[in-house]
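Worksheet for the structure shown next.
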Amino acid sequence: MKVIALGLAFANYLSNPCASTVDAVVIAMEGRTDLPIDVHQTRQALLDGIPQVLAAKANSASGKTESLMQRLLKGQR
């Protein structure tokens with residue numbers, strides 16, 4: 001179950017990169033003694049990676065579609 005929780009937390013981070021999703025990944029990692037990864041370094045690396053994840057999302061097809069829809073609907077709301 002811990003593997004699934006970690007995977008879901010990381011997928012959520014990729015979907016919505018922010019401090020709260022980073023914290024969810026760190027919490028899921030804390031119980032994993034089999035991972036040779038420092039939790040604090042991982043947290044910092046994920047926080048530092050937020051701009052890159054956002055840029056990658058913006059350059060993806062779904063990101064471009066989302067941006068287009070936001071521009072199209074801007075006058076509708």
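What follows draws every value from the coordinates through simple rules; no lab data is involved. Being a predicted model, the structure only gives us computed values, none of them experimental. Every residue, glycine as well, gets a Cβ built from its backbone with ideal geometry; the counts of neighbours run over all protein chains shown.
Only one item in [x] 17.0, 60; [y] 15.6, 52; [z] 26.3, 72 matches Rg and Dmax of the Cα atoms in Å derived from the coordinates shown, and that item is [y]. At an R0 of 25 angstrom, the distance between the Cβ atoms of L68 and S15 translates into a FRET efficiency of 0.85.
Using C-alpha pairs under 8 Å with a sequence gap of at least 6, the mean separation divided by the residue count of region 2-76 gives a relative contact order of 26 percent.
Converting phi to 3J(HN,Hα) with the Karplus coefficients 6.51, -1.76 and 1.60 and the offset θ = phi - 60°, region 56-64 yields 5, 5, 5, 8, 7, 4, 5, x, 5 Hz in sequence order, with x at every glycine or proline.
Among L14, L54, L35, the largest mean-square fluctuation in a Gaussian network model of the chain, built with springs joining Cα atoms closer than 10 Å, belongs to L35. For the chain, the dipole from Cβ point charges (+1 on Lys and Arg, -1 on Asp and Glu) about the Cα centre works out to 520 debye, to the nearest 20. Label positions at L8 and Q52, each projected 7 Å from the Cα along the C-beta direction, are separated by 2.7 nm.
So, in nm, how far is label V26 from label A61 when the simple model puts each one 7 Å beyond its Cα toward the Cβ? About 3.6 nm separates the two model spin labels. Between the C-alpha center of region 3-22 and that of region 50-74 there is a gap of 19 Å.
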